[in-house]
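The values are calculated or read from the model by the stated rules, or taken from the named source; none is laboratory data. Keep in mind it's a predicted model, so treat the numbers as computed, not measured. Here the Cβ positions follow ideal geometry from the backbone for every residue, glycine too, while neighbour counts run over all protein chains shown.
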Amino acid sequence: MDVSLDLGIVPREPAPDVIELCVEAEELGFGGLWVADSQTIFRDAFAILAAAAARTQRILLSTGVTNPVTRHPAVLAGSFATLDELAPGRVVLTLGRGESSVFTIGQRPATTSRLEQSVHALRALLAGETVSWDGGEARMTWPTRTVPIYLAASGPRTLRLAGRIADGVLFQVGADPRLVSWALAQVEAGAREAGRTLDELTLCARVGCSVDEDRAWAREEMKPYAAVAAKTSFDAIPAEELPDDLLEEAHELRARYDYHQHAHGQAQHRHLVTERVLDAVSIAGTPAEAAPRLRALAELGVDRIVAPIVVSDGPRLVRTLAEHILPAFGGSGGY
């Protein structure tokens, strides 16, 4: 089994600090960096990725994630083609419907149909073809690049779409192995519809993870992101797939979630995360508690586990993961 342990980069800190963390991640042996793209609450994802590309040699680089609402497909194609020139073969274009990036500017997420159109448009643009989009035409006039396209997904329709058309999928459905298995089944169903198998996709599970010898610190630090994961997952996963009591506990959190405090350590809605919700959507505790839970997810057949770094002391978490968890992944990002 070869499973990569990657980091989700949420660039709330000054850009130089974020870039240093990216460089340190490669030095410590992590397999990938997935940089969040939400223009009004985070530093710019593409500036961070470009700087990281110039200062690293091995680590995979991707958005975690971008969208076709705030960024025209031609803009995305040009940005990713440029990144791939900086880090050939290490760049992945990960695209979703849009969440905090669109809600914080009063827009709506892309529909599943629009997301599918975007994938086809991006592939055509990266191949040097002319694309029609919203009444206009676009074509890249400089050397084309081949960049894998992954879809971010939580609900059944987008999971199945990823299975049908994407090179990979980044899914967020929590840390419960039953929900991860459900998500993989949806991707597989979509793949079958297109005459494909799961082996033709890279399967990436994004799981909130806070690990520290100080158990109380780890669990309290995870609550803001657990709120993110609960909101995203429980809004997308069909109710019949979730325990009734879990849905009930998450009801107030979903109703009062503030996207302007998305993934913020001091978000007011963090106080609405119950212990049960915390454990359902994330892995938070000591290394001895976290290691078997991560191993259980790896054994379900995923290729990459992406742990967003959303605690108040990111370097502390990254070093703890490197010291206590990475050795189980082969010491160089692989399990």
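In summary, residue 66 fulfils each of the numbered conditions (1) farther than 29 Å from residue 155 by Cα; (2) within 14 Å of the chain's Cα centre (by Cα) with the single exception of condition (1). None of 79, 38 is of a type in the set (S, T, N, Q) and in contact (Cβ under 8 Å) with a residue 60 or more places away in the chain except 38.
For the range 123-170, give me the residue count where each residue is part of a strand (DSSP E or B) and touching a residue at least 12 places away in the same chain (Cβ under 8 Å). So the count comes out to 11.
Scanning the range 24-43 for residues that are more than 21 Å from residue 96 (Cβ to Cβ) and crowded, with 17+ Cβ neighbours inside 10 Å turns up 25, 26, 28, 29, 30. Checking each residue in the range 291-312 for being surrounded by fewer than 23 Cβ atoms within 10 Å (Cβ to Cβ) and over 14 Å from the mean Cα position of the chain (by Cα) picks out 291, 292, 293, 295, 296, 297, 298, 299, 300, 301, 312. Scanning the range 12-34 for residues that are in contact with a Lys or Arg (Cβ under 9 Å, 6 or more places away or on another chain) and either of a type outside the set (D, E, K, R) or more than 14 Å from residue 309 (Cα to Cα) (or both) gives 14, 15, 18, 19, 22, 23, 26, 28, 31, 32, 34. When 184, 179, 170, 203 are checked against the criterion of being under 30 Å from residue 286 (Cα atoms), buried (at least 18 other Cβ atoms within 10 Å of the Cβ), at pLDDT below 95 and among the aliphatic types (A, V, I, L, M), a single residue qualifies: 179. Between 56, 70, the distinction of being closer than 16 Å to residue 119 by Cα and either among the basic types (Lys, Arg) or modelled with pLDDT of 95 or more (or both) belongs to 70 only.
Kindly check whether there is at least one residue in the range 43-53 that is touching an Asp or Glu at 6+ places or on another chain (Cβ under 7 Å) and either farther than 16 Å from residue 311 by Cα or modelled with pLDDT of 95 or more (or both). Yes, the range 43-53 has at least one match.
For the range 100-115, state whether one or more residues are among the hydrophobic types (A, V, I, L, M, F, W, C), closer than 26 Å to residue 143 by Cα and without any contact (Cβ under 8 Å) to a residue 12 or more places away in the chain.
No, the range 100-115 has no match at all.
Tell me, which residue of the range 66-76 that is touching a Lys or Arg at 6+ places or on another chain (Cβ under 9 Å) and either over 19 Å from residue 170 (Cα atoms) or not aliphatic (A, V, I, L, M) (or both) is surrounded by the fewest Cβ atoms within 10 Å (Cβ to Cβ)?
Here is the first cut: in the range 66-76, the residues touching a Lys or Arg at 6+ places or on another chain (Cβ under 9 Å) are 67-69, 74.
Subsequent filtering for residues that are either over 19 Å from residue 170 (Cα atoms) or not aliphatic (A, V, I, L, M) (or both) retains 67-68, 74.
Numbers: 67: 25, 68: 23, 74: 18.
Only one residue fits best here, namely 74.
In the range 230-249, which residues are closer than 20 Å to residue 109 by Cβ and either assigned to a helix (DSSP H, G or I) or modelled with pLDDT under 70 (or both)?
Taking the range 230-249 as the starting set, the residues that turn out to be closer than 20 Å to residue 109 by Cβ are 230-239.
Result: 230, 231, 232, 233, 234, 235, 236, 239.
Residues being touching a Cys at 6+ places or on another chain (Cβ under 9 Å) and surrounded by fewer than 21 Cβ atoms within 10 Å (Cβ to Cβ): count how many of those fall in the range 90-112. Number of matching residues: 0.
In this structure, does residue 189 turn out to be touching a Lys or Arg at 6+ places or on another chain (Cβ under 9 Å) and either under 21 Å from residue 62 (Cα atoms) or in a helix (DSSP H, G or I) (or both)? Before the answer, list the steps.
On the way: touching a Lys or Arg at 6+ places or on another chain (Cβ under 9 Å): yes; either under 21 Å from residue 62 (Cα atoms) or in a helix (DSSP H, G or I) (or both): yes.
Criteria met by residue 189.
Has the range 90-105 got at least one residue that is over 23 Å from residue 35 (Cβ atoms), of a type outside the set (Asp, Glu), modelled with pLDDT of 95 or more and in contact with a strand residue (DSSP E or B) (Cβ under 7 Å, 6 or more places away or on another chain)? Scanning the range 90-105, I find no residue that is over 23 Å from residue 35 (Cβ atoms), of a type outside the set (Asp, Glu), modelled with pLDDT of 95 or more and in contact with a strand residue (DSSP E or B) (Cβ under 7 Å, 6 or more places away or on another chain), so the answer is no. Could you say whether any residue in the range 218-233 is free of Cβ contacts under 8 Å to residues at least 12 places away in the same chain and within 29 Å of residue 323 (Cβ to Cβ)? Yes - at least one qualifying residue is present in the range 218-233.
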